[in-house]
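The values are calculated or read from the model by the stated rules, or taken from the named source; none is laboratory data. All figures in this text were calculated on a predicted structure; none of them were measured in a lab. Counting neighbours? That spans all protein chains shown, and the Cβs are built from the backbone with ideal geometry, glycine included. For accessibility, only protein heavy atoms count, side chains too; no ligands or nucleic acids. Shrake-Rupley method; radii C 1.70, N 1.55, O 1.52, S 1.80 Å.
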Amino acid sequence: MPLSHAKLWKALDELAHREGTSPSGLARRAGLDATSFNPSKRFGPGEPPRPRWPSTESLTRVLEATGLSLGAFAALADDAPMQPRSIPLVGLARAAADGFFDDAGLPLAEGWDQTDLPAHKDSLFSLTIDGDSMAPLYRPGDRVIVDLEAADVRRGDRAVVRTAHGETLAKEIAAMNIRDVTLSSINPAYPPRVLPRHDIIWMARILWVSQ
């Protein structure tokens, strides 16, 4: 079976996991730049984003550093279970202490928790912010990720709301009851809006924003 772009990166992620390190740690072990295997390096600019592949030299150095054969590496792509996508997590107060970052400003392996990134599923999608009602928190061109299955929206959440009149709004939930929902904007130039519940098709919390 061909080694696709997604499967190749999956194999690198699984190899890092089996070696007890992160993709950045695997890159450093192979003598590469620590950011070589970062998720941000896996796609280039464009709509849709253009897939980027690790170089043959990078793969060769990784295999040499881990003692893995090319065949065993290819097997990881099909046989390995997908690992949860996560990134290092630490509180700001703790991050102020020494020992959490290396000389390049990258997280060290020890002392961090993990926070999961949204995993791909059919209910997950991204929207582009068009207006300035949520500025300066969200600016035009920012992308927000929402999950329709994460519908437990509460007061104080930032959410995307789809109305029966064809509007799709990114707002903060200021108040809600069984009859209506009050949506507020960060930008004070926009007054709050009160929507009857029967005018709302769905509401979904904003899980992530790319700025």
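Would you be able to say whether some residue in region 66-85 is at pLDDT 80 or above, open to solvent by less than 60 Å² (accessible area, probe 1.4 Å) and in a loop (DSSP other than H, G, I, E, B)?
yes
Here is a check on your reading of the model: is Tyr138 open to solvent by 60 Å² or more (accessible area, probe 1.4 Å), modelled with pLDDT of 90 or more and out of contact with any Gly (no Cβ under 8 Å at 6 or more places or on another chain)?
no
Would you be able to say whether some residue in region 185-193 is assigned to a loop (DSSP other than H, G, I, E, B), of a type outside the set (A, V, I, L, M), in contact with a Pro (Cβ under 8 Å, 6 or more places away or on another chain) and open to solvent by 60 Å² or more (accessible area, probe 1.4 Å)?
No, region 185-193 has no match at all.
Filter region 152-183 down to residues that are of a type in the set (Ser, Thr, Tyr) and without any contact (Cβ under 8 Å) to a residue 40 or more places away in the chain and give me whichever is least open to solvent (accessible area, probe 1.4 Å).
The residue in question is Thr163.
State all residues of region 174-184 that are out of contact with any strand residue (DSSP E or B) (no Cβ under 6 Å at 6 or more places or on another chain) and assigned to a strand (DSSP E or B); if no residue qualifies, say none.
Correct list: Met176 only.
Please find, among Arg52, Arg61, Arg28, the residue that is open to solvent by 50 Å² or more (accessible area, probe 1.4 Å), modelled with pLDDT of 85 or more and in contact with a helix residue (DSSP H, G or I) (Cβ under 8 Å, 6 or more places away or on another chain).
Arg52
State whether the residues of region 161-177 include one that is among the basic types (Lys, Arg) and under 18 Å from Pro136 (Cβ atoms).
Checked region 161-177: at least one residue is among the basic types (Lys, Arg) and under 18 Å from Pro136 (Cβ atoms).
Looking only at region 34-77, count every residue that is under 15 Å from Leu15 (Cβ atoms) and among the β-branched types (Val, Ile, Thr) and tell me the total.
Qualifying residue count for the region: 3.
Name the residues in region 194-206 that are open to solvent by less than 40 Å² (accessible area, probe 1.4 Å) and more than 18 Å from Ser126 (Cβ to Cβ), would you?
The answer is Leu195, Asp199, Ile200.
Could you grab me the full set of residues in region 86-100 that are within 21 Å of the chain's Cα centre (by Cα) and either at pLDDT 85 or above or open to solvent by 80 Å² or more (accessible area, probe 1.4 Å) (or both)?
Leu92
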